[in-house]
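Where a number appears in this text, it was derived from the coordinates with a stated rule and is not lab data. Because the structure is predicted, anything quoted here is derived from the model rather than measured.
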Amino acid sequence: MNRASASAAVASPCTSVCIIDSVTGLCGGCFRTLEEIAAWIDFSATEKREVIAALDARRSNLGAAIEARMEERMDDSAER
């Protein structure tokens with residue numbers, strides 16, 4: 001299996017909720033950084049798995065705060 005097909009075998013964690021949290025720099029949907037999102041297509045399968053392995057900790061440590069900021073942002077938008 002060549003590198004392209006090997007790295008393609010690791011699915012993207014994207015949830016189609018693409019809102020970057022200004023405090024952490026993480027996507028509120030998948031908890032990746034902009035750099036990780038942009039480089040995903042070029043990452044090897046190992047690099048992709050390393051990113052995915054970090055996501056649970058990011059979600060556990062930062063998820064509630066990011067979600068609260070996203071809700072606050074949506075509430076502010078609705079008031080306008």
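Quick notes on this structure:
- Distant-in-sequence amide contacts of I20, defined by a placed amide H-H separation under 5 Å and a gap of 5 or more residues or a different chain, comprise G28.
- Taking the C-alpha atoms only, the angle from helix 45-79 to the longest principal axis of the chain is near 20 degrees.
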